[in-house]
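The structure appears below as structure tokens.
The values are calculated or read from the model by the stated rules, or taken from the named source; none is laboratory data. Remember, it's a predicted structure, so these values are computed and weren't measured experimentally. Heads up, the Cβs are rebuilt from the backbone with ideal geometry, glycines too, and the neighbour counts pull from every protein chain shown.
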Amino acid sequence: MDKAAILIIDDDTGMRKTLADILRVKGYEILTAGNGGEGLAILGEKPVNLVLIDLGLPDIPGLEVLARARTEHPSTEAIILTGNATLESAIEATNQGAFSYLIKPYEMEQLMLQIRRAIEKQQAWEALRMAGLAQEQRTGELAEANRTLEAEIVERKLAEEALMRSNRSLRLFSECNEVLVHATSEPQLLNSICSEIVKVGGYRLAWVGYVKDGGIYPAAHAAHEYDCPGAAGRRFPTARCSVAEAIVAVAADTESCTMEPPYEAWLDVESMHGCACSVALPLKGKWGVVYGALNVHAADPEQFGAEELKLFGDLANDLSYGILSQRSNIEHRRAEDALRLRHQAVESSSNGIMITDAHAPDNPIIYVNPAFERMTGYGAQEVFGRNPRFLAGEDSEQMGLEEIRAALREQREGSAVLRNYRKDGSLFWNELSLSSVRDESGRVTNFVGILNDITERKQYEEQLEYQSNHDGLTGLPNRNLLADRLTQTLSYAGRYHQQAAVMFIDLDHFKFINDSLGQDTGDQLLKSTAKRLAQCLRSIDTVARHGADEFVVILPDLADGADAADAARRIQEAVGQPFKTGEHELIVTCSTGISIYPKDGADVQTLLKNADAAMYRAKELGRNNFLFYTNELNDKAGARWTMEKHLRQALKKDELILHYQPQVDLATGQITGMESLIRWQSPELGLVPPDRFIPLAEETGLIVPIGEWVLRTSCAQNKAWQDAGLPPLVMAVNLSPRQFRQEDLVERVAQALLDSGLEARYLEIEIIESLVMHDVERVSTILKELKVLGVQLAMDDFGTGYSSLSYLKRFPFDKLKIDLSFVRDITSDPNSAAIARAIIAMGHSMNLRVIAEGVETEGQLGYLRSNSCDDMQGFLFSRPVPSGEFEQMLRENRRLEFPAEGGGHRDRTLLLVDDEAHVIAALKRMLDGEGYKILAAGSAVEGFELLATNRIGAVVSDMCMPGMNGTEFLRRVKEIYPDIVRIMLSGAADMDSLSDAINHGAIFKFIIKPWEDDLLRLSIRGAFKHYEMTCING
């Protein structure tokens, strides 16, 4: 069997060569490409079994190369090899059908395993390729036979020429004259003359040589049975009598010519090929200088008679004249071509070009190209004789014009950006470059100006400036411009002892509107609110969007606070007007907080903070009102201080406790570890949930001693369980960002292990993803030091941040933890499912274990197990429990029980989804005896759960269901389980719904209720046949 062909597409030359050498040793045929374009070209030219693609290619993104390769060459498998990727790229590569996804540097054994598996799918295609090669070989044999036939034809022609030799001389010189008359180039002339001498004259060899460096070099030749000994580039020494003094000589044999040894050796070769006689005729230029020779060789020693020599002498003279004529014509054509090329370049340039006369008064325009006419709107005749300054119109006060005037005065190059005006008066920005043209004496004769229309670039720059200072949705000033405007307002008010107000406005219940009616409605509401705010304020006021549904208004030049109250009432009234969007009419209110300068603050941040505090207090008082900032608003800060005070005492009073949540192996169901989770039981405040006191602890720095207590207590508890004879397990402990910033963190972890006596391998440190990416170098160093201790490392909340896969490889993690936000919707949301699959695949490619947190349903468990997730934790198995309950769980050897496989119905399981029980019952009766295992769900939610826990081949769903309709349900099924065949039932032939389902690719069949039993049975049989074929081909 031939070698399998592998194409490596990688811009890293060293990596590409190293991998190619290794794979060649393994017995593969290797093709390489340095970029995406080259790789795709190779794929188009030669079929390959497998392509290895680097994501970071210089010309085409690796994902695009993957997509095109899979589309244009579906039989070719692909493996992604990358050193710098993102989670999104991993997801995209998986969705586009990459066979595998490996991160550089990868383990060669793992790569070879993936390569072998990918190539196994290509054997059939390889057989087809070999058949094609065999066909090509047969075609080559046919071509060779054709060439043999052509050679036989040439031989017959030579025989015919021998019969016509009697009149060769007359025909020869007649043909040569035709060549001299019609030749269009020197090479054509020389080759044609030599060819005619051999072909028509019947001579063995004819060649023309030119004198160079004391020798003669062949310039053209023709021969009968062998190639000219003077091939291109070979030098032949001249006879002892210089070629410049050459005379017509007739020789009966080679010995009669006195030649230098190298030339004699060449003549020996000549005599071996049947040349017994030769003549050399000088080619003379001006003043009789010999610059070459025409050489003719014959087989007959008596070939050259006196009359024939005279004819050859005339031919040499005519040839010499023809050569000189061709050379003269070439120089003339070159000059004309160069001039025409320059003219065409100027005429076809996309930049405007104008030339002025430096000698004429006022430097008038004497030439403009078509681009100038298109750019300015002026025709050439309209600008000839005018100074280019007319393009500036009345806009003569431009700094750039001064630079151009100086360049003209000093007769030097210059450039400037100018505001110019077209014939119709419209403005365009002109990037003008000026240069001078000098004659042979160095005097400036002309100036050349190159006009580049940069109007679009200027507009883009203005747009960027606008976008950097304005909100993209409402067009209002954003935070950047707000801060600048407020700073200017405070500066002016302070200088002139005036008051100013800052109003912080928040729309009431906006999040509810946005979530229930959709983001489009929310965006329309924000734009309408922005417009209403601007309309009810003065021209000197500023309204800005601060974020989400928050707006800030600046009111300068106030007499007193009553002016601000009046403005707030106008705002309340304007915002409260009914708002219509489609079929909805909304009444929206707002809550406003007001701070006054200088009473409530003398700087930007203080005024904004106090206005924000007043706004929140206005919301607490019932919303739809405004409130001025007062000191009483500090009450909330007092409550926070109270919690902080109690929290500081919590450690001393032993109010903090730990609960433990088991982590379970999804292959065996056994508990393999646990995570320690803190709780606060306060005598004064009651049970305080972690989400209330942990952010406060982080903010105040209390998280450091609390976190150390959690670490030490967890290590001690784990060691106590081991000493009690329980099986050793890994204890997972979270480190907060504050803890991680401690300089002696590694020493503290080591001390906790030492004091408890716990072996380091039974401690796992969990670190959130966002923390890892904030200071990559420092984090990498700390993690490596922790790894040296022997502890295990896990990345918590993975997928919620922005980790680069290449960065991730730099950290010595042992485990990735899928965030519960993805696990929650993993069975019903295609995006969450795709992210989870990508995290699992990526983790395994890096030899990391993957654990999912927040697993609460059998469906989530089934989906994670089917996609090879390693571990789980969540309420499905156990909530976090006190140490005593957890110990009891271990003593009972509690395990996670997995549902049994489907048995004989593994691939013929049918899911029926309909909210009407009688429809489900009718379908089951109709399908009785068909051999299906039938599962039933009364809603899409139940359907997703069954899909995650069973291997289902086909789904029959009603279209009209509460909660989620059939179209959306089947669309999600298609994305999460693409192999499952989908059939939709509908009580009415709703063409819009039918089109929607078909356009989403969500359905295999669409059947109207009431259905025909035979038709539905046939459709379901067809669905399973389609499913079985998909499984076979997959």
How many of the residues in the range 954-975 are under 11 Å from Leu935 (Cα atoms) and small (Gly, Ala, Ser)? 1
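Given the criterion at pLDDT 90 or above and of a type outside the set (Ser, Thr, Tyr), identify the matching residue among Glu413, Glu462, Glu440.
When all the criteria are applied, what remains is Glu413.
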Quick check on my filter: what residues within the range 526-555 are surrounded by fewer than 22 Cβ atoms within 10 Å (Cβ to Cβ) and farther than 19 Å from Asn480 by Cβ? Lys527, Ser528, Lys531, Arg532, Gln535, Cys536, Leu537, Arg538, Ser539, Ile540, Asp549
Could you grab me the full set of residues in the range 367-381 that are exposed (fewer than 14 other Cβ atoms within 10 Å of the Cβ) and more than 19 Å from Leu427 (Cα to Cα)? Gln381
Go through the range 345-363 and give me each residue that's aliphatic (A, V, I, L, M), crowded, with 16+ Cβ neighbours inside 10 Å and under 38 Å from the mean Cα position of the chain (by Cα). Val346
Quick test for you: out of Thr76, Thr18, pick the one residue that is in the same structural domain as Gln114 (by TED's automatic domain parsing), under 23 Å from the mean Cα position of the chain (by Cα) and either modelled with pLDDT under 85 or not aromatic (Phe, Trp, Tyr) (or both). Thr76
Could you please give the count of residues in the range 732-753 that are within 41 Å of the chain's Cα centre (by Cα) and either at pLDDT 95 or above or not in a strand (DSSP E or B) (or both)? 13
Considering only strands (runs of 3 or more DSSP E) fully contained in the range 290-404, which possess at least 2 residues that are closer than 24 Å to Asn177 by Cβ? 290-298
Of (1) crowded, with 17+ Cβ neighbours inside 10 Å; (2) farther than 24 Å from Arg419 by Cα; (3) of a type outside the set (Gly, Ala, Ser), Tyr492 fails just (1)
Going by what's in this entry, would Thr713 be described as more than 24 Å from Ser878 (Cβ to Cβ) and either touching a strand residue (DSSP E or B) at 6+ places or on another chain (Cβ under 6 Å) or among the hydroxyl-bearing types (Ser, Thr, Tyr) (or both)? no
Filter the range 575-599 down to the residues that are part of a strand (DSSP E or B) and free of Cβ contacts under 8 Å to residues at least 40 places away in the same chain and list them by number. Lys580, Glu585
Counting only residues in the range 101-156 that are at pLDDT 70 or above and assigned to a loop (DSSP other than H, G, I, E, B), the one nearest to the chain's Cα centre (by Cα) is identified as Lys104
Would you please name the residue that is surrounded by the fewest Cβ atoms within 10 Å (Cβ to Cβ), looking only at residues in the range 466-489 that are under 18 Å from Asp523 (Cα atoms) and of a type in the set (S, T, N, Q)? Gln467
Does any residue of the range 730-744 turn out to be of a type in the set (A, V, I, L, M, F, W, C), surrounded by fewer than 19 Cβ atoms within 10 Å (Cβ to Cβ) and under 27 Å from Lys784 (Cα atoms)? no
Go through the range 530-544 and report how many residues are within 22 Å of Ile596 (Cβ to Cβ) and among the basic types (Lys, Arg). 1
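Residue-by-condition table, conditions (1) in a helix (DSSP H, G or I); (2) of a type outside the set (S, T, N, Q); (3) farther than 15 Å from Ile571 by Cβ; (4) modelled with pLDDT under 90:
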residue	(1), (2), (3), (4)
Thr489	yes, no, yes, no
Ala500	no, yes, yes, no
Ile505	no, yes, no, no
Ile513	yes, yes, yes, yes
Ala534	yes, yes, no, no
Val552	no, yes, no, no
Selection status of Ala567, loosely packed, with under 15 Cβ neighbours inside 10 Å and not in a loop (DSSP other than H, G, I, E, B): no
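Each row is one residue, and each column tells you yes or no for (1) more than 19 Å from Ile197 (Cβ to Cβ); (2) modelled with pLDDT of 70 or more.
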residue: Gly215; (1), (2): yes, yes
residue: Ala249; (1), (2): no, no
residue: Glu264; (1), (2): yes, no
residue: Val269; (1), (2): yes, no
residue: Phe304; (1), (2): no, yes
residue: Lys310; (1), (2): no, yes
residue: Tyr321; (1), (2): no, yes
What number of residues in the range 646-668 are touching a Lys or Arg at 6+ places or on another chain (Cβ under 6 Å) and exposed (fewer than 14 other Cβ atoms within 10 Å of the Cβ)? 1
Give me the residue from the range 695-718 that is buried (at least 20 other Cβ atoms within 10 Å of the Cβ) and free of Cβ contacts under 8 Å to residues at least 40 places away in the same chain and, out of that set, nearest to Gly884 (Cα to Cα). Gly707
Scanning the range 961-970 for residues that are without any contact (Cβ under 8 Å) to a residue 40 or more places away in the chain and buried (at least 20 other Cβ atoms within 10 Å of the Cβ), the one farthest from Ala836 (Cα to Cα) turns out to be Thr967
Note on the range 940-960: residues of a type in the set (S, T, N, Q) and in contact (Cβ under 8 Å) with a residue 60 or more places away in the chain are Thr949, Asn950
Tell me which helices (runs of 4 or more DSSP H) are completely within the range 850-965 and hold 2 or more residues being of a type in the set (A, V, I, L, M) and within 23 Å of Val823 (Cα to Cα), or say none if there are none. 858-866, 940-949
